[in-house]
Amino acid sequence: MTRSLALPADALVLLVGPSGSGKTTFAARHFAPSQVLSSDALRETIADDPTDQRATDDAFTLLHEILAMRLRRGRLTVVDATNLEAWARAQLLDGAWRLRRPTVAIVLDVGLEVCLERNATRQPRPVPPAAIRRQHRWLRDSLRSLPGEGFADVHHLASAAEVDAVRLERGASRREPGG
């Protein structure tokens with residue numbers, strides 16, 4: 001059964017889920033490449049390696065700068081990162097709130113076993129399974145806190161089948177860019 005999710009045309013959309021939950025695949029299926037800010041892609045831009053965790057701080061500095069530029073212009077922007085820690089989500093939400101842009105969380109909760117199976121085939125290198133288990137615990141915590149963090153909408157997709165069956169609908173911008 002298809003589930004439709006409405007997204008304002010000028011929204012900040014956070015994809016939330018552990019490694020292996022399908023965030024990057026979801027982003028590629030539903031959004032234009034220009035709309036997606038990927039922490040892995042930015043690590044690769046900076047360090048020639050999307051798995052180089054030493055480039056994470058620089059990658060997120062760049063992500064926040066690009067995010068601010070896009071939101072100022074009223075452009076739909078998707079953050080493809082785990083987004084599992086409340087403090088990291090708060091930093092992303094802060095800029096959207098200051099610019100009066102709507103915020104949406106899409107939670108990809110496909111289950112720990114699915115994440116571990118997908119991760120085993122990940123190239124160039126899989127994420128350590130212990131890290132995915134830790135991220136899955138953080139996901140459980142996030143499910144409790146997300147509704148109170150100020151998102152206009154939180155969409156919880158509770159299985160791989162739900163993720164695969166979702167359809168996104170773009171709405172009008174809530175305010176004019178530059179206004």
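The values are calculated or read from the model by the stated rules, or taken from the named source; none is laboratory data. Predicted model, so just to flag it, every value in this text is computed and none were measured. Surface accessibility is based on the protein's heavy atoms, side chains included, excluding ligands, DNA and RNA. Shrake-Rupley method; radii C 1.70, N 1.55, O 1.52, S 1.80 Å.
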Percent RCO, i.e. relative contact order, over the stretch 55-151, from Cα pairs under 8 Å lying at least 6 residues apart: 30
Rh (Kirkwood; distinct C-alpha pairs) - the chain, Å: 16.5
Relative contact order (percent, whole number), the chain, Cα cutoff 8 Å, 6+ residue spacing: 40
Normalised contact order of the stretch 30-92, rounded percent, pairs of Cα under 8 Å and 6 or more residues apart: 37
Expected-Rg normalisation [2.2 N^0.38 Å, Cα atoms] applied to the stretch 28-77: 1.17
Within the accessible area of the chain (1.4 Å probe), percent carbon and sulfur: 52
Per residue value of the accessible surface for the chain (all protein chains in place, 1.4 Å probe), Å²: 51
Value of [θ]222 nm, deg cm²/dmol, for the chain, DSSP H segments ≥ 4, -39500 (n - 2.57) each, nearest 500: -13500 deg cm²/dmol
Spatial separation of Cα centroids for the stretch 66-85 and the stretch 124-138, in angstrom: 24
